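Read the structure below first, then the notes.
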Amino acid sequence: MADVLVIGAGPGGYPAAIRGAQLGKKVLLVERDRLGGECLNYGCIPSKSLIHAANVLDSARRAEEFGIEISDIHVDMKKLQAWKEGVVTRLTSGVATLCKGNGVEVLHGEAAFASPSEIRVKHAEGEESISFGAAIIATGGRPTDLPAFRFDRKRIISTKEALELEEIPKRLLVIGGGVSGLEIGTFYAKMGSQVTVVELMDQLLPGIDPEVVRVVGRILRKLGVAFHTTSQAKSWKEASDGLIVDAETPDGPL
């Protein structure tokens, strides 16, 4: 029996669980994946870590401008991914420590409501039923694919897979010029990929101040990123060296 049940251990769930425990409640936190949620494990933190590494690489490439000669620069993506994973693991371990230190019980598994006061949790050891007094649902979000571009985790990938690649792609098409898309595009452009961004709306970063967007656009152009607004990716097909994507732009097919 838990006084408070929290489903989802992301940035909404685990602070709520900790606060409930601090107020004297018996709190159960259920998470089917890793503590910290999408942002910590598959979004903000890994992307910022990789972008930091890309900035170091970019600085090394421009070091000659300052009279510093560096030759034969090589990126070992497997080592870079291992370093990034280490950053994430340290932070998820910190979340676990916070939960334990505040008396929050953590259960790894997938929760489903059996009634307004009971859940069933499937986990590695089987399934169990747990009753509760109040529930907080903080299950967060997940990447969404498109009807013509269903994720196959090989050719058509989500942000999660994009942040876990162990090889730098020669060419990368990013569908969506929002924050996540541009972060990933910027990282791979600095790594040496030929990046193209297709955005349906009339500007990159929809909803953001146009003056800020103009600054971002200038930076992307300097990096060699091609971007097309008011444009839509329609379909794709396999080619010998990748994919061919059909897209409509204001100037015609891309």
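Restricting region 173-198 to residues that are of a type in the set (V, I, T) and not in a helix (DSSP H, G or I), which is farthest from D76 (Cα to Cα)?
It comes out as V198.
Do we have A134 as surrounded by 11 or more Cβ atoms within 10 Å (Cβ to Cβ), farther than 30 Å from D3 by Cα and either modelled with pLDDT under 95 or not charged (D, E, K, R) (or both) here?
no
Quick check on region 216-230. Is at least one of its residues free of Cβ contacts under 8 Å to residues at least 12 places away in the same chain and either of a type in the set (S, T, N, Q) or surrounded by 17 or more Cβ atoms within 10 Å (Cβ to Cβ) (or both)?
no
Could you tell me how many of the residues in region 1-34 are buried (at least 23 other Cβ atoms within 10 Å of the Cβ), farther than 22 Å from A114 by Cα and not small (G, A, S)?
Result for region 1-34: 1.
Yes or no: region 83-95 includes at least one residue that is touching a residue at least 40 places away in the same chain (Cβ under 8 Å), part of a helix (DSSP H, G or I) and among the hydroxyl-bearing types (S, T, Y).
yes
Loosely packed, with under 14 Cβ neighbours inside 10 Å, farther than 23 Å from D145 by Cα and charged (D, E, K, R): does that describe D246?
Criteria not met by D246.
I'm trying to understand the selection: among the residues of region 238-254, which are more than 19 Å from P169 (Cα to Cα) and among the β-branched types (V, I, T)?
Across region 238-254, the qualifying residue is only T249.
List the pairs whose first member sits in region 18-33 and is under 15 Å from L98 (Cα atoms), whose second member is of a type in the set (S, T, Y), and whose Cβ atoms are under 8 Å apart, counting only residues at least 6 apart or on separate chains?
As it stands, the answer is L29/Y14, since those pairs meet every condition given.
If I go through region 127-147 residue by residue, how many of them are over 14 Å from the mean Cα position of the chain (by Cα), over 19 Å from K237 (Cα atoms) and assigned to a loop (DSSP other than H, G, I, E, B)?
2
Looking at region 125-174, which of its residues are more than 23 Å from T229 (Cα to Cα) and among the polar types (S, T, N, Q)?
Scanning region 125-174 gives S129, S131, T139.
For F66, which of the numbered conditions (1) surrounded by fewer than 15 Cβ atoms within 10 Å (Cβ to Cβ); (2) in contact (Cβ under 8 Å) with a residue 12 or more places away in the chain fails to hold?
(2)
Within region 231-243, count every residue that is in contact (Cβ under 8 Å) with a residue 40 or more places away in the chain and either within 25 Å of the chain's Cα centre (by Cα) or surrounded by 15 or more Cβ atoms within 10 Å (Cβ to Cβ) (or both).
Number satisfying all stated conditions: 6.
State all residues of region 148-172 that are small (G, A, S) and either more than 25 Å from G37 (Cβ to Cβ) or not in a loop (DSSP other than H, G, I, E, B) (or both); if no residue qualifies, say none.
Matches in region 148-172: A148, A162.
Can you tell me which of T186, T97 is closer than 30 Å to I219 by Cα, at pLDDT 95 or above and polar (S, T, N, Q)?
It is T186.
Among the residues that make up region 104-122, is at least one of them in a helix (DSSP H, G or I), loosely packed, with under 15 Cβ neighbours inside 10 Å and free of Cβ contacts under 8 Å to residues at least 40 places away in the same chain?
no
The values are calculated or read from the model by the stated rules, or taken from the named source; none is laboratory data. None of these values were measured; they are calculated from a predicted model. Reconstructed Cβ throughout: ideal geometry from the backbone, glycine too, with neighbour counts over all protein chains shown.
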